[in-house]
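Colleague: Pasting a structure below so you can have a look.
The values are calculated or read from the model by the stated rules, or taken from the named source; none is laboratory data. Because the structure is a prediction, the values reported are computed rather than measured. Counting neighbours? That spans all protein chains shown, and the Cβs are built from the backbone with ideal geometry, glycine included. These area figures cover heavy atoms from the full protein model, side chains too; ligands, DNA and RNA do not enter into them. Shrake-Rupley method; radii C 1.70, N 1.55, O 1.52, S 1.80 Å.
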Amino acid sequence: MAKHKTDYVRYHIHTETANEIKRWPTRFRVKVKKAGLAKWLLKEVLEHGLGNRREVVLSRPCLYGVFSGPVGGFAPRPQHCVGCLRCTTEYPEMVSVTHNPERKKLGDSFFASSFIDALSYESLEGVIPVKGAGYRGKFGGEGWEGMWTDMSEIVRPTRDGIHGREFISTVVDIGYRPNYLQFDEEGHLVGAEPKLISIPLPVLFDVPPKNDQSEKAARIIAKAAAELETLAVLPITMICRIGLVGKHIVPLVKAGEEELLSNLGYIPDLVEMESWDAHLAESILRWYPESILSLRLTFPVREEILDYVQKGISTFHLLADYHGQDVEGNFVLDLIRETHKTLVEAGIRQEVTLVGSGGIITAEHIPKAILCGLDAAAVDTPVMAALQADFIGECKQREFSQFSLPAKLTIEWGVQRLMNLAAAWRDQLLEISGAMGLREIRRMRGEMGRAMFMKELEADAFAGVAGYE
Amino acid sequence: MSREPTNHELIVEKHTRNLRDGYHVWSHDKTDVERALGDYRWTGEMILGTYYQAEHGRPPDNGLEYRVGASGGGFDVLDFNWLPEEKWLAETEGVDVSISLNRRGKGREITIPIPIYGGGMSFGSISEQVMLARAIAAKKWSTFFSTGEGGYPSSLVPFKDHIITQVATGMFGVREETIQHAPIVEFKYAQGAKPGLGGHLLGDKATSSVAALRESVPWVSLFSPFPFHSVYSVEDHRKHVDWIKTTNPEALVSVKVSTPTDVDMVAVGSYFAGANIIHLDGSYGGTGAAPEIAKKNIAMPIEFAVPKVHKYLLGENIRDEVVLMASGGIRSADDIAKIVALGADGAVMGTSELVALGCTRCSNCERGRGCPFGLTTTDLLLSEFVSPEWGAERISNLYQSYEFQLKDILRKLGLSSIRELRGRKDLLVYRGNGRK
Ligand code: SF4
Ligand code: SF4
């Protein structure tokens, strides 16, 4: 039988442990009453002696090494505590284990410390957070919290089993795709042709927050994007200043920066305009006719998107603030749905690519945002959290948010953290799409029938309950 | 001449005594101490309240809020529409909380005296001691518990009349004789904690005895694929049911499914395939390890799925032919009564049984040697903290407390049977208006 030669290489993200470079406050505080411990030890020694019963005396309640330092319980090591509470159950008078309020202060009111916990776990090793004992959080809620994804009892994308054996594509396309192709009588293609690039993940990196557009952060994002074969949006001024090169680096250009276009040392896959400017658009297309042109628009984005499509733009980068809101306080979930619906009703959704940023901060938000109508998300604040940046106060407005990156930050470490994060998010995306029976993420876009919303479910379920209506 | 205890025995004895004392102290005089216990769904008070019930067989009278959690939705925003006191029934004694598990009008009649049975937790994911404790308690209450996937060790054979044998996608532990023994066979299509994702037993937990039952290799991880690879349709599912009925014509068949958007259609399909029990497992529950993303986001909570299915089955005129059991985040007697009022016949309990045995809901079940309290582990030393007799007593006490509370709730609603409560949403009150 003839052997088929193929250059197909399965997409792979290299993960590797990238330990924290800055010590964050521990999750738990462990306090031991020293006098109580001494008394208890004495009692144990008197009861069992120290001969061959030493093992009994020294048998401690903690399986995780909190009391296994050189002086045991006299100097607990709370960084190892996983909050099982066995020690305090066994010795309620002597040991107390409480949540550490300092840990809860990480992040801000939207990017809560629980998200930071998940993210730091993901960027540590690139694996999915798996735990026992069911769900521990609030019941539904606002925004993403009030949305569930569907599953199928009998449909699986393939029947090859799970855990890496079956193939689910996470590739998405960015650019212009005509609804149909047109040919003349001789069979030659006439009319618009597709102008697309494909990236293996529906995740891009957005520009770092204004206050932290340091050279290091830019290099980390650019290199991580190259490794992941995705895209990183960076200001053209920064790209030119530090000499970044690579088609995956998306220059963000604003009116008045046209002359910088000639300074780029490469042909980018995508060029992004900060806002609409006819002259800028023309200059970009003149310099880089092969590149896809994207326009940043701030939510809410309604009918005006149709005008930009008329002007020849097919890729839009929609922006909410870092808390996922528009100026009126509407949440990004509804905002995406609204824009998506506008395009569907105009019959051109297929021709347009929607990338979104703002308020998409954890793995589950990616499939949820895609179900609402995005093609891909360009992540912003999660990059900061993965790099162990401190959030200074509330980080809501893009222009004014303050982050502080750790002093020990290195490019190599930062890139690995982002790759680990991407791997963990990719695997979680596979879990969600596998459960839904979807073979490719492209089919997830706008599939509202496969999403469930708390408001609707609750109205259905609690109709007839006194006081509900 | 009595033999000197070994160090192993002394260590087990020391920690077991400490733990049992601790459960008592915590749920009694140390209830207001600040500690990292509990979460939005299972608050610290609810956990302590469950310890208390497991010790005394009655609800706590020390002010612990054991009835509802703080999740801000679902059960936690529902209350009962009590009758004025003068209309309450006089005695809890005349109140019936039994349910039938076969309403098809043919085949074996099984009635359980309380509207609950124990949900699937497999041998390997929990210790043999915990499994035995559940078995003894199930026998005492003439109810059942499910083996979960993977069969059961021979120590449980004396309890076979109270064991629901699970057939899941990996077919682990499924043998002709276990099916022939089983009064109820449960097909697990999906589970709420990880809907659509199959199962995974870590290599560390696949000890020789676990592996022997599963006919696998010790210390090697086992994956249960998703879904049943022989099922593409309701007709295929029907063949599954026929297979069980051929092997054991007397067995009742339960179909355990998760809660997708079309859960109502799934339920109808199961009915037409011949199921006696449709077991809906909502997304917020579960005891086994699962990806956090799945627990929180995939499939709908049980509070929403049950009324949807109940309504649909009513519309199809088949509601009285199937038994609808609900699980996935049902934590208390109040939750049981609420899910019945939303349309279920009864509830399947898992986590609350583990809490009765001392679980703090710390989520570390899969870490290192497994549960530090000896529950979800196969570690030889740790699993000895729970003796089957002690455990059975605790679970049994919890059931007793539930029974008492359920009867009390019915009495205050003017109902003499839990069967009258089914689908009576009008007997619930919504308390979530601040949130809506
Ligand atoms: S709570 Fe658990 S992990 Fe933390 S110190 Fe106590 S025994 Fe160790
Ligand atoms: S590890 Fe924690 S959550 Fe798991 S069973 Fe044990 S106590 Fe419960």
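Colleague: Consider A:Trp276 carefully, then state whether it is open to solvent by 20 Å² or more (accessible area, probe 1.4 Å) and either within 29 Å of the chain's Cα centre (by Cα) or closer than 28 Å to A:Gly359 by Cα (or both).
Modeller: On the way: open to solvent by 20 Å² or more (accessible area, probe 1.4 Å): yes; either within 29 Å of the chain's Cα centre (by Cα) or closer than 28 Å to A:Gly359 by Cα (or both): yes.
So A:Trp276 fits the description; yes.
For (1) away from every other protein chain (no Cβ under 14 Å); (2) at pLDDT 75 or above; (3) closer than 30 Å to B:Val268 by Cα, each residue gets a yes or a no:
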position: B:Ser209; (1), (2), (3): yes, yes, no
position: B:Pro218; (1), (2), (3): yes, yes, no
position: B:Phe223; (1), (2), (3): no, no, yes
position: B:Ser233; (1), (2), (3): no, yes, yes
position: B:Asp242; (1), (2), (3): yes, yes, yes
position: B:Lys245; (1), (2), (3): yes, yes, yes
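Colleague: Kindly indicate the residue of the range B:372-404 that is at pLDDT 95 or above and β-branched (Val, Ile, Thr) and also nearest to ligand 2 (Cβ to nearest atom) among those meeting that condition.
Modeller: Ranking the candidates gives B:Val386 first.
Colleague: With closer than 21 Å to A:Arg23 by Cβ, within 39 Å of the chain's Cα centre (by Cα) and modelled with pLDDT under 95 as the only criterion, which of A:Gly83, A:Gly69 stands out?
Modeller: Of the residues listed, the single one that is closer than 21 Å to A:Arg23 by Cβ, within 39 Å of the chain's Cα centre (by Cα) and modelled with pLDDT under 95 is A:Gly69.
Colleague: Then there is this: Against the condition among the aliphatic types (A, V, I, L, M), over 30 Å from A:Ser314 (Cβ atoms), at pLDDT 85 or above and open to solvent by 50 Å² or more (accessible area, probe 1.4 Å), how does A:Val190 come out, does it pass? Show your work before the answer.
Modeller: Values: among the aliphatic types (A, V, I, L, M): yes; over 30 Å from A:Ser314 (Cβ atoms): no; at pLDDT 85 or above: yes; open to solvent by 50 Å² or more (accessible area, probe 1.4 Å): yes.
No; evaluated as a whole, the condition is false for this residue.
Colleague: Against the definition (under 30 Å from A:Leu228 (Cα atoms), more than 8 Å from every other protein chain (Cβ to nearest Cβ) and of a type outside the set (Phe, Trp, Tyr)), how does A:Leu41 come out, yes or no?
Modeller: For A:Leu41, the condition - under 30 Å from A:Leu228 (Cα atoms), more than 8 Å from every other protein chain (Cβ to nearest Cβ) and of a type outside the set (Phe, Trp, Tyr) - is not met.
Colleague: Ok, one more. Can you pull out every residue in the range B:190-206 that is open to solvent by 20 Å² or more (accessible area, probe 1.4 Å) and in a loop (DSSP other than H, G, I, E, B)? First the steps, then the outcome.
Modeller: In the first step, residues of the range B:190-206 are kept if they are open to solvent by 20 Å² or more (accessible area, probe 1.4 Å); the result is B:191, B:194, B:200, B:202, B:204.
Result: B:Gln191, B:Lys194, B:Leu202.
Colleague: Can you find even one residue in the range A:52-61 that is within 10 Å of ligand 1 (Cβ to nearest atom) and over 30 Å from A:Ile168 (Cβ atoms)? Don't jump to the end; show me each part of the working.
Modeller: Here is the first cut: in the range A:52-61, the ones within 10 Å of ligand 1 (Cβ to nearest atom) are A:60-61.
From the residues that got through so far, the ones that are over 30 Å from A:Ile168 (Cβ atoms) too are A:60-61.
Yes, the conditions are met somewhere in the range A:52-61.
Colleague: Hey, another quick one. Collect the residues in the range B:57-80 that are farther than 22 Å from B:Asp39 by Cα and either open to solvent by less than 60 Å² (accessible area, probe 1.4 Å) or outside the structural domain of B:Val25 (by TED's automatic domain parsing) (or both), keeping them in residue-number order.
Modeller: Once the filter is applied, which keeps residues that are farther than 22 Å from B:Asp39 by Cα and either open to solvent by less than 60 Å² (accessible area, probe 1.4 Å) or outside the structural domain of B:Val25 (by TED's automatic domain parsing) (or both), the range B:57-80 yields B:Gly57, B:Phe80.
Colleague: Looking at (1) within 16 Å of ligand 2 (Cβ to nearest atom); (2) facing chain A (nearest Cβ under 8 Å); (3) touching a helix residue (DSSP H, G or I) at 6+ places or on another chain (Cβ under 7 Å), which is the only condition B:Leu428 fails?
Modeller: Exception for B:Leu428: condition (1).
Colleague: Mind checking whether some residue in the range A:70-77 is buried (at least 20 other Cβ atoms within 10 Å of the Cβ) and either farther than 29 Å from B:Ile11 by Cα or within 16 Å of ligand 2 (Cβ to nearest atom) (or both)?
Modeller: Going residue by residue through the range A:70-77, those that are buried (at least 20 other Cβ atoms within 10 Å of the Cβ) are A:73, A:76.
Those left that are additionally either farther than 29 Å from B:Ile11 by Cα or within 16 Å of ligand 2 (Cβ to nearest atom) (or both): none.
For the range A:70-77, residues buried (at least 20 other Cβ atoms within 10 Å of the Cβ) and either farther than 29 Å from B:Ile11 by Cα or within 16 Å of ligand 2 (Cβ to nearest atom) (or both): absent.
Colleague: Here's a follow-up. Looking only at the range B:1-31, which residues are more than 26 Å from A:Gly134 (Cβ to Cβ) and assigned to a loop (DSSP other than H, G, I, E, B)?
Modeller: B:Met1, B:Ser2, B:Arg3, B:Glu4, B:Pro5, B:Thr6, B:His28, B:Asp29
Colleague: Could you please find all residues in the range A:434-464 being facing another protein chain (nearest Cβ under 7 Å) and on the phi > 0 side of the Ramachandran plot?
Modeller: The answer is A:Gly464, and nothing else.
Colleague: Quickly run through the range A:119-143 and pick out the residues that are under 22 Å from A:Ala422 (Cα atoms), surrounded by fewer than 22 Cβ atoms within 10 Å (Cβ to Cβ) and more than 7 Å from chain B (Cβ to nearest Cβ).
Modeller: Correct list: A:Ser120, A:Tyr121, A:Leu124, A:Glu125, A:Val127.
Colleague: Same structure, new question: Please work out which residue is nearest to A:Ala38 (Cα to Cα), limiting yourself to the range A:75-109 and to residues that are hydroxyl-bearing (Ser, Thr, Tyr) and within 14 Å of ligand 1 (Cβ to nearest atom).
Modeller: Step by step, filter the range A:75-109, then rank; the result is A:Tyr91.
Colleague: Here's a follow-up. Please specify each residue of the range B:406-423 satisfying the condition of being within 14 Å of chain A (Cβ to nearest Cβ) and either within 23 Å of the chain's Cα centre (by Cα) or polar (S, T, N, Q) (or both). Break it down stepwise before answering.
Modeller: Kept after step one, since they are within 14 Å of chain A (Cβ to nearest Cβ), are these residues of the range B:406-423: B:413, B:421-423.
Hits for the range B:406-423 are B:Leu421, B:Arg422, B:Gly423.
Colleague: Show the residue pairs that are 6+ apart or on different chains and have beta-carbon atoms under 7 Å apart, the first residue being within the range B:23-48 and within 7 Å of chain A (Cβ to nearest Cβ) and closer than 24 Å to B:Gly391 by Cβ, the second being at pLDDT 95 or above and surrounded by fewer than 16 Cβ atoms within 10 Å (Cβ to Cβ).
Modeller: none
Colleague: Return the only residue of B:Ser363, B:Ser383 being free of Cβ contacts under 8 Å to residues at least 40 places away in the same chain, surrounded by 18 or more Cβ atoms within 10 Å (Cβ to Cβ) and within 24 Å of B:Gly288 (Cβ to Cβ). Steps first, please.
Modeller: Working: B:Ser383 fails: free of Cβ contacts under 8 Å to residues at least 40 places away in the same chain.
Exactly one residue qualifies, and that residue is B:Ser363.
Colleague: With (1) open to solvent by 30 Å² or more (accessible area, probe 1.4 Å); (2) over 27 Å from the mean Cα position of the chain (by Cα); (3) within 23 Å of A:Glu351 (Cα to Cα) as the list, and A:Gly256 as the residue in question, which single condition is left unmet?
Modeller: Every condition holds for A:Gly256 apart from (3).
Colleague: Then there is this: Regarding the range A:100-114, can at least one residue be identified that is part of a loop (DSSP other than H, G, I, E, B) and either within 11 Å of chain B (Cβ to nearest Cβ) or of a type in the set (Lys, Arg) (or both)? Working first, answer last.
Modeller: Of all residues in the range A:100-114, those part of a loop (DSSP other than H, G, I, E, B) come to A:100, A:105-112.
Add one more test, that the residue is either within 11 Å of chain B (Cβ to nearest Cβ) or of a type in the set (Lys, Arg) (or both), and what stays is A:100, A:105.
The answer is yes; a qualifying residue exists.
Colleague: Exactly one condition in (1) more than 14 Å from chain B (Cβ to nearest Cβ); (2) open to solvent by 10 Å² or more (accessible area, probe 1.4 Å); (3) touching a strand residue (DSSP E or B) at 6+ places or on another chain (Cβ under 9 Å) is false for A:Gln416; which is it?
Modeller: Among (1) more than 14 Å from chain B (Cβ to nearest Cβ); (2) open to solvent by 10 Å² or more (accessible area, probe 1.4 Å); (3) touching a strand residue (DSSP E or B) at 6+ places or on another chain (Cβ under 9 Å), the lone unmet condition for A:Gln416 is (3).
Colleague: Is there a residue being out of contact with any Pro (no Cβ under 6 Å at 6 or more places or on another chain), part of a loop (DSSP other than H, G, I, E, B) and surrounded by 24 or more Cβ atoms within 10 Å (Cβ to Cβ) anywhere in the range B:157-169?
Modeller: Yes, there is a match, as at least one residue in the range B:157-169 is out of contact with any Pro (no Cβ under 6 Å at 6 or more places or on another chain), part of a loop (DSSP other than H, G, I, E, B) and surrounded by 24 or more Cβ atoms within 10 Å (Cβ to Cβ).
Colleague: A further question follows. Kindly provide the set of residues from the range B:3-26 that are among the hydrophobic types (A, V, I, L, M, F, W, C), under 29 Å from the mean Cα position of the chain (by Cα) and open to solvent by 10 Å² or more (accessible area, probe 1.4 Å), ordered by number. Quick ask: steps written out before the conclusion?
Modeller: Initial filter on the range B:3-26 (among the hydrophobic types (A, V, I, L, M, F, W, C)): B:10-12, B:19, B:25-26.
Next, only the ones that are under 29 Å from the mean Cα position of the chain (by Cα) stay: B:12, B:19, B:25-26.
Answer for the range B:3-26, where residues must be among the hydrophobic types (A, V, I, L, M, F, W, C), under 29 Å from the mean Cα position of the chain (by Cα) and open to solvent by 10 Å² or more (accessible area, probe 1.4 Å): B:Val12, B:Val25.
Colleague: While we're looking at this one, here's another question. Test of understanding: among B:Arg422, B:Arg411, B:Arg369, which residue is assigned to a loop (DSSP other than H, G, I, E, B), away from ligand 2 (no atom under 11 Å from the Cβ), open to solvent by 10 Å² or more (accessible area, probe 1.4 Å) and of a type in the set (Lys, Arg)?
Modeller: Values: B:Arg411 fails: assigned to a loop (DSSP other than H, G, I, E, B); B:Arg369 fails: away from ligand 2 (no atom under 11 Å from the Cβ).
Every option except B:Arg422 fails the conditions.
Colleague: Can you run down the residue pairs with Cβ atoms below 8 Å, 6 or more apart or on separate chains, where the first is in the range A:53-73 and within 10 Å of chain B (Cβ to nearest Cβ) and over 13 Å from A:Arg86 (Cβ atoms) and the partner is open to solvent by less than 20 Å² (accessible area, probe 1.4 Å) and away from ligand 1 (no atom under 13 Å from the Cβ)?
Modeller: Within 8 Å, the pairs are A:Glu55/B:Ile11; A:Val56/A:Glu44; A:Val56/B:Ile11; A:Val56/B:Lys14; A:Val57/A:Glu44.
Colleague: Consider B:Ala305 against the criteria (1) open to solvent by 30 Å² or more (accessible area, probe 1.4 Å); (2) of a type in the set (A, V, I, L, M, F, W, C); (3) within 9 Å of chain A (Cβ to nearest Cβ): it satisfies all of them except one. Which criterion is unmet?
Modeller: The single condition B:Ala305 does not satisfy is (1).
Colleague: Could I ask something else about it? Anything in the range A:41-69 that is open to solvent by 40 Å² or more (accessible area, probe 1.4 Å) and acidic (Asp, Glu)? List them, or say none.
Modeller: A:Glu47, A:Glu55, listed by residue number.
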